[in-house]
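Here's the structure, in structure tokens; my notes come after.
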Amino acid sequence: MPAIALFEPEIAGNVGTIIRTAACFNAPLHIIEPCGFPFDMQRIKKSALDYIEHALIFRHSSFDDFFATEIIAKKSRLILATTKGDVDYRKFEFAPNDIIIFGKESAGVPEYIARKADAKIFIPMQNQMRSLNIAISCGIILARAV
């Protein structure tokens, strides 16, 4: 089962919604800190509801910690979901040990992280729309990845 990683998420409600999505698909969720909000389970639970009890959540103190323990040590591929991607997510061949990383809501991921990605995927949008909400994007891509 591919996993999801959130790089320094900024909105607690999005994290809660993604926790629900991860729980429903039984996909591990990696949260790479620091978060843009105090990581308070009460705040997150407002959108995660009781799904949080069924989610497998890992917190990492930094991207370097995450990369060392999850990508290098487990030989996983890092798949970056980005509006700047070059592969349509519907045409990408996901593998069971892939970790799909989503960047900050306001800025995505820094270039040094983008360079470490094994692939950069995107969701095509009509009418020159800029982007979807991160939680919606996560659900769309995870549904295709499984």
> Considering region 1-20 alone, what residues qualify as being assigned to a helix (DSSP H, G or I) and either under 11 Å from the mean Cα position of the chain (by Cα) or not β-branched (Val, Ile, Thr) (or both)?
Replying inline: Ala12, Gly13, Asn14, Val15, Gly16, Ile18, Ile19, Arg20
> Would you say Ile121 is at pLDDT 95 or above, assigned to a strand (DSSP E or B), among the β-branched types (Val, Ile, Thr) and in contact with a Gly (Cβ under 6 Å, 6 or more places away or on another chain)?
Replying inline: yes
> Going by the structure shown, is Asp98 touching a Lys or Arg at 6+ places or on another chain (Cβ under 9 Å) and charged (D, E, K, R)?
Replying inline: yes
> If you check Glu70, Glu111, Glu53, which single one turns out to be surrounded by 13 or more Cβ atoms within 10 Å (Cβ to Cβ) and more than 13 Å from the chain's Cα centre (by Cα)?
Replying inline: Glu70
> Going by the conditions given, is Phe37 of a type in the set (Phe, Trp, Tyr) and in a loop (DSSP other than H, G, I, E, B)?
Replying inline: yes
>> Looking at region 117-143 only, could you name the residues that are closer than 18 Å to Arg77 by Cα and surrounded by 14 or more Cβ atoms within 10 Å (Cβ to Cβ)?
In response: Ala117, Ala119, Lys120, Ile121, Phe122, Cys138, Ile141, Leu142
> Taking region 83-118 as the region of interest, how many residues are assigned to a loop (DSSP other than H, G, I, E, B) and either closer than 14 Å to Ile71 by Cα or touching a residue at least 60 places away in the same chain (Cβ under 8 Å) (or both)?
Replying inline: 11
> Inside region 62-80, can you point out the residues that are assigned to a helix (DSSP H, G or I), of a type outside the set (Phe, Trp, Tyr) and touching a strand residue (DSSP E or B) at 6+ places or on another chain (Cβ under 9 Å)?
Replying inline: Asp65, Thr69, Glu70, Ile71
> Based on what the data block shows, is Thr69 in contact with a Lys or Arg (Cβ under 8 Å, 6 or more places away or on another chain) and among the polar types (S, T, N, Q)?
Replying inline: no
> If we scan region 49-69, do we find a residue that is at pLDDT 95 or above, farther than 21 Å from Ile11 by Cβ and in contact with a Ser or Thr (Cβ under 9 Å, 6 or more places away or on another chain)?
Replying inline: no
>> Contact list please: Cβ distance under 9 Å, first residue in region 28-47 and on the phi < 0 side of the Ramachandran plot and modelled with pLDDT under 90, second residue polar (S, T, N, Q) and surrounded by 15 or more Cβ atoms within 10 Å (Cβ to Cβ), pairs at least six apart or on different chains.
In response: Ser47/Asn14; Ser47/Thr17
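The values are calculated or read from the model by the stated rules, or taken from the named source; none is laboratory data. Keep in mind the model is a prediction, meaning the values are calculated, not measured. Please note: Cβ atoms are built from the backbone with ideal geometry, for glycine as well, and neighbour counts cover all protein chains shown.
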